[in-house]
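See structure below.
Throughout, read-outs are computed from the coordinates displayed, never taken from laboratory work. Since we're looking at a predicted model, the values are computed, not measured. Quick reminder, even Gly has a Cβ in these numbers, built from the backbone with ideal geometry, and neighbours come from all protein chains shown.
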Amino acid sequence: MLIGGGFAFAAAIQPGPLQAYLFSSVLQRGWRRTLPASFAPLISDGPIVVIALLILSRVPESCQTVLRVAGGLLLLYFAWTSYRSWQQGVAQESERVESAPRTLMQAVMVNLFNPNPYLGWSLVLGPAVVDAWQKNHAYAVVMIVAFYGTMVIGLAGTIFLFGRTNILGPRGQRALVLLSTGILAFLGVYQLVVSLLNILSPA
């Protein structure tokens, strides 16, 4: 429980592509419409766990590079949509037309192309779960439940805290939308640059 919950807490509060997307989504759509996105890891991590445990350990490092490229392009796309929102002004939450399910699926896509869950499952959680399963099946189940329970609660709390930015008023919200646009663009460019360096670096 401590291993699963502790690792999830660290992952939930650590700045990354998913957190940047949630921040941008809250500013554009409101925290209530963004709240379902806290369940994104429950949907996206199924294939991530399978890939990390069964495939990534047997393929070359170029697989991570492909994921980084796809994730970088996706983040740049979300940066563009955030910029368009900034140009048009921040609408009131009740006026937004994008549904919560669409927001959830966008968060799922961000997490699918985020290398961090793959690395976390292949290097940290995967070995820990396998070791716990060999000792006692219940240990492995508790570890997984603690991880995802803490992750969902942590992301939901993060979304709620992001939603408190409404005290800044419309001008402050527009400034934060522009800030989140820059963060998403920076993370997207960063992942593309890292991918390019990995491709150009000698084996």
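Under a crude label model (7 Å from the Cα following the beta-carbon direction), how far is Leu54 from Val194 in nanometres?
In this crude spin-label approximation the distance works out to 2.6 nm.
How much length, in nm to one decimal, is gained on full extension between Val141 and Ile153, taken as 0.36 nm per residue of separation minus their Cα-Cα distance?
On the way: separation 12, 0.36 × 12 = 4.32 nm, distance 1.81 nm.
Separation in residues times 0.36 nm, less the Cα-Cα distance, equals 2.5 nm.
By count of other Cβ within 10 Å, fewest leading, how are Arg164, Arg33, Arg174 ordered?
Fewest to most other Cβ atoms nearby, the residues stand as Arg164, Arg174, Arg33.
If you plug each phi of the stretch 110-119 into the Karplus form 6.51 cos²θ - 1.76 cosθ + 1.60 with θ = phi - 60°, what whole-Hz ³J(HN,Hα) values come out, in order, with x for Gly and Pro?
4, 6, 5, 9, 9, x, 4, x, 5, 5
By count of other Cβ within 10 Å, fewest leading, how are Thr81, Thr158 ordered?
Fewest to most other Cβ atoms nearby, the residues stand as Thr81, Thr158.
Hey, for a label at Arg84 modelled as a point 7 Å past Cα toward Cβ, could you say which residues of the stretch 29-54 have their backbone N under 16 Å away?
Zone members listed by number: 29.
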